[in-house]
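Here is the structure we will look at.
The values are calculated or read from the model by the stated rules, or taken from the named source; none is laboratory data. Source: prediction; values computed, not measured. For neighbour counting, all protein chains shown are included, and Cβ atoms are generated from backbone atoms with ideal geometry for every residue, glycine included.
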Amino acid sequence: MSDTETLTPSAKCRQLLRAADRAVLSTLLVEGGEPYGSLVLLACGPDGAPLLLLSDLADHTKNLKQDSRASLLIDGTTGLADPLTGARASIQGRIEKADDPALLDRYIRRHPSAELYRSFKDFNLYRMEPEKAHLVAGFGRIHWTDGIAFEGETKALSEAESGIVAHMNEDHLDAIALYANRLLGLEGVGWRMTGVDPEGCDLRRQGKTARLVFDKQVHDAETARVELVRLVKRARTAE
């Protein structure tokens, strides 16, 4: 049985969000109010809430300043022979500025090219507060759901995240390679960790991202260490 069939609709939406590195952002045009879609790079906060780094000069940012209501289309169908059998979700909510250096750091680890814009005064981090979502998980599996944010404790892990990521990238690149090659079936060397949250960790190699889902939720540095070690042991025995 696939995770699409076992996860709740809210959890599946959050899983799609955490795995995605881009989305289609739909806003309402300042003049006329028509729907306007644009491609944006995506990251998530520890709770799974979408994060965007937007320029004040972009039309979608001007739209959000007038009306913060927006929708994000998350596409999980890449690589499928029939994309309509795959999962996708439209996340609806309000998008506001997020003046949180830790969230900006998290976004830039996910998208290293965004480091260039960190000091630009016309670029700001925005966070969506998800209100509801429309999930299509394949033919006949369609749900409206709300409350998609992770409801468990995230503070302790968030405070430890940058240290965990730095330690893994400096001392355990071999373990990260095992996660990518053995557990996720991905090719290539040079995979690095960009983030860790209660439900999994994020990997990146050049322009490609990947998501490793934990079997058990973690809530601080120690429980994350235990889960990461356990996954290394599994990877070493995987064929």
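Values for this structure:
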quantity	calculated
Residues of region 30-58 that turn out to be under 18 Å from Glu199 (Cα atoms) and assigned to a strand (DSSP E or B), as a count	4
Residue match in region 55-66 (condition: within 15 Å of the chain's Cα centre (by Cα) and of a type in the set (A, V, I, L, M, F, W, C))	no
Region 207-228, residues that are within 21 Å of Thr154 (Cβ to Cβ) and aliphatic (A, V, I, L, M)	Leu212, Val213, Val218, Ala221, Ala224, Val226, Leu228
Test: residue in region 166-186 that is closer than 30 Å to Thr237 by Cβ and among the basic types (Lys, Arg)	yes
Hey, Arg109 surrounded by 17 or more Cβ atoms within 10 Å (Cβ to Cβ), closer than 18 Å to Asp197 by Cα and in contact with a helix residue (DSSP H, G or I) (Cβ under 9 Å, 6 or more places away or on another chain) or not	yes
Residue match in region 114-125 (condition: surrounded by 21 or more Cβ atoms within 10 Å (Cβ to Cβ) and modelled with pLDDT of 95 or more)	yes
Residue within region 183-196 that is more than 17 Å from Cys44 (Cβ to Cβ) and in contact (Cβ under 8 Å) with a residue 40 or more places away in the chain present	yes
Qualifying residues in region 124-144 (those that are aliphatic (A, V, I, L, M) and more than 15 Å from Ser10 (Cα to Cα)) - the one farthest from the chain's Cα centre (by Cα)	Leu125
Residues that are outside any strand (DSSP E or B), farther than 19 Å from Ala102 by Cβ and either in the same structural domain as Leu103 (by TED's automatic domain parsing) or hydrophobic (A, V, I, L, M, F, W, C) (or both), drawn from region 187-225	Val189, Trp191, Phe214
